[in-house]
Amino acid sequence: MKNKIVLLFITAVLAWNTAKAQTNINDYKYVIVPNTFDFLREPDQYRLNTLTKLLFEKHGFTTIMEKDTFPDEAISNGCLALHADVLKESGVFNSKLKIELKDCQNNIVFVSNIGKSKEKSYEVAYNLALREAFKSFDTFKYQYKENEKILSYGKKDSQESIDEIEKLKEEIKSLKEEKEVITEVTNEAVSVKKEDVKKTVQKEIVVENSVKKETKDIAILYAQKADNGFQLVDSTPKVLYKIKKTGMQNVYLVEGKDAILYQLNSNWVLEYYDNGKLQTKTLTIKF
């Protein structure tokens, strides 16, 4: 009789936890999957990040890879999304993985059961362990339902975010137009007098030397994940910039500054205004 009571109590607790998890998870519209997990050495090693995305989608979630372009509403209200992570548990003879979901305030919303595998190959073992951990989502059916409290987080700043994105688009358009003008001027310079050509070449040499000097002074920064983006730290480590994701890939807004950061080849370019003049700075960032 005593054993039956204990069993009924455990069953009730598990049912309550399942219902609570479903209610909480249903409040969130997106799941963001990182490009790499901390226990792996490189992005999407063993295709584990891609598999995580696919398994979330199998269970009905709208999933975004961290490197992808985010929907506008996910940019203006980061609290609509849960951040997924796969964690490795210690084990001597088994590979053990579990799935963790956190909200925009870094609160844990859901933790799966631990998936295990005895396979010796990491590629096979991690794949099997992850699939077993995802069986925790079989205990309930995810279905997004709007939560007014979460939606309200984006309403206050929604217009400001839209304005920032539009401003960014205008700046990029302006930069492209400036580039086109420079190209036209360069082409027209072919027909000017020899003396003018000489002056132009000398000016270009000065600019080129300046670029080389700036390249030598490139700072190496390290990106750390933060809400809606990253914080960039040096080797101290000291936080130098906080950047926010935009609707465009590899283009960020710099928090607290009239500046944007975008990728150009293997480097990152920081553009900002100083006393009304457009300034650029080249950065090397390790993500």
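Structure note, pairs Lys116/Lys245; Lys67/Lys238; Lys58/Lys286: Cα-Cα distances above 28 angstrom occur for Lys116/Lys245; Lys58/Lys286. Highest mean packing first, where packing is the average number of other Cβ atoms within 10 Å per residue, the peptides 111-117, 25-31 line up as 25-31, 111-117. Would you mind pulling out the separation of the Cα centroids of the stretch 61-128 and the stretch 240-281, in Å? One Cα centre to the other: 30 Å. When His59, His83 are compared by accessible area of protein heavy atoms, the largest-first order is His83, His59, using a 1.4 Å probe.
May I ask you to list the residues of the stretch 248-287 whose amide nitrogen lies under 19 Å from a point 7 Å from Cα along the Cα→beta-carbon direction of Asn106? Within reach of a label on Asn106, which here means backbone N under 19 Å from a point 7 Å along Cα→Cβ, the stretch 248-287 contributes 255.
Computed extension length for Phe93-Lys120: 8.8 nm, one decimal, from 0.36 nm per residue of separation with the Cα-Cα distance subtracted. The GluC sites (Glu not before Pro) found in the stretch 27-129 that occupy coil by DSSP, while having at most 15 further C-beta atoms within 10 Å, are Glu119.
Loop-located chymotrypsin sites (Phe, Trp or Tyr not before Pro) across the stretch 53-143 with a Cβ neighbour count of 11 or fewer within 10 Å are Phe93, with loop assigned by DSSP.
Between Lys149 and Asp68, the contour length at 0.36 nm per residue exceeds the Cα-Cα span by 26.5 nm. Modelled this way, with points 7 Å down the Cα-to-C-beta line, the labels at Val233 and Lys141 are 4.5 nm from one another.
The values are calculated or read from the model by the stated rules, or taken from the named source; none is laboratory data. Here the structure is a predicted model, which means the values were calculated and not measured. Cβ coordinates were reconstructed from backbone atoms using ideal geometry, including for glycine residues, and neighbour counts include every protein chain displayed. The accessibility values were calculated without ligands, DNA or RNA, using every heavy atom of the protein model including side chains. Shrake-Rupley method; radii C 1.70, N 1.55, O 1.52, S 1.80 Å.
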